[in-house]
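Engineer: Once you've had a glance at the structure underneath, I'll fire off some questions.
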Amino acid sequence: MSEQTREVAILGGGCFWCVEAVYLEARGVTKVESGYMGGQVDNPTYEQVCSGTTGHVEVVRLEFDPSVIGYREILEIFFTIHDPTTQDRQGNDVGPQYRSAIFTTSPEQETTARKVMEEMRLVWDAPIVTQILPEDTWYKAEEYHQNYFAQHPLQGYCAFVVAPKVTKFRKTFADRLKA
């Protein structure tokens, strides 16, 4: 895949371990990294972001081949695997770093994100609070956060929070799984 056929999506849907684990299994997604975006501190650490005071969101940065999976499909998965109706929260993870956010890399992505979010309003019973923001400075999370679920599937949080999201993705989007 050449650079010209690669696109990037940046999504915050709660703990980045959950979102990363799902997209690592999505056909057409070629790279997934956990990191931080949207805050006021340069080169934040996980501990700083978890304090809730830096303004950053835990995000995943996806590289994908749009000839295999489109940005719209990336977003349809996103709105299915997390709850976009809870402000600064996903389950027991509470704080502004866990807010639902889409960081767009182009005007076309912003338009698509707004259309998909409007369509998803018909699916959810509560108002969607997902923020749609322009891409900001990307900070890759510490190495021990990368591919976390695959490395620690039996760790408590992974077994009880991440695994059910991965299972939901596998069932709902079986046709989108990597071979």
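The values are calculated or read from the model by the stated rules, or taken from the named source; none is laboratory data. Since the structure is predicted, the reported quantities are computational estimates derived from the model, not experimental observations. In case anyone asks, the SASA skips ligands and DNA or RNA and just uses the protein heavy atoms, side chains included. Shrake-Rupley method; radii C 1.70, N 1.55, O 1.52, S 1.80 Å.
Engineer: How large is ³J(HN,Hα), in whole Hz, for each residue of the range 58-65 in order, when computed from phi with the Karplus curve 6.51 cos²θ - 1.76 cosθ + 1.60 and θ = phi - 60°, using x for Gly and Pro?
Structural biologist: Once θ is set to phi - 60°, the couplings for the range 58-65 become 6, 10, 10, 10, 9, 10, 9, 9 Hz.
Engineer: A 25 angstrom limit on the alpha carbon distance is what I want to check against. Which of K31/K171; K140/K165; K140/K168 exceed it?
Structural biologist: Correct reply: K140/K168.
Engineer: Let me ask something else about it. Which percent of the accessible area of the chain is formed by carbon and sulfur heavy atoms (probe 1.4 angstrom)?
Structural biologist: On the way: 4510 of 8550 Å².
Of all accessible area on the chain, carbon and sulfur atoms account for 53 percent.
Engineer: With a 1.4 Å probe and every protein chain left in place, tell me how much accessible area T86 has, in Å² to the nearest 10.
Structural biologist: Around 40 Å² of this residue is reachable by solvent.
Engineer: Next question, about the same structure. Kindly write out, for the range 74-87 in residue order, the coupling ³J(HN,Hα) from the Karplus curve 6.51 cos²θ - 1.76 cosθ + 1.60 (θ = phi - 60°), rounded to whole Hz, with x marking Gly and Pro.
Structural biologist: 4, 6, 4, 5, 3, 6, 8, 8, 9, 9, x, 9, 10, 6
Engineer: Another question, if that's okay. If you count only protein heavy atoms and use a 1.4 Å probe, how large is the accessible surface of C50, to the nearest 10 Å²?
Structural biologist: Here the accessible area works out near 50 Å².
Engineer: Further, regarding this structure: What is the Cα centroid distance between the range 140-177 and the range 1-77, reported in whole angstrom?
Structural biologist: Taking the Cα centre of each part, the range 140-177 and the range 1-77 sit 14 Å apart.
Engineer: Would you mind getting the accessible area per residue of the chain, heavy atoms of the protein chains only, 1.4 Å probe, in Å²?
Structural biologist: It amounts to 48 Å² per residue over the chain.
Engineer: Next question, about the same structure. Using a Cα-Cα cut-off of under 19 Å, which aspartates and glutamates could be cross-linked to K178, ignoring same-chain neighbours fewer than 8 residues away?
Structural biologist: E7, E20, E25, E33, E63, D65, E73, E76
Engineer: A follow-up question, please. Tell me the accessible surface of S34 in square angstrom (1.4 angstrom probe, heavy atoms of protein chains only), to the nearest ten.
Structural biologist: 0 Å²
Engineer: Relative contact order for the chain using alpha-carbon pairs under 8 Å, separation at least 6, rounded to a whole percent?
Structural biologist: With pairs under 8 Å counted, the relative contact order is 31 percent.
Engineer: Also, I was wondering about something else. Using the C-alpha atoms of the chain, what convex hull volume per residue, in cubic angstrom, is computed?
Structural biologist: Expressed per residue, the convex hull around the Cα atoms of the chain is 119 Å³.
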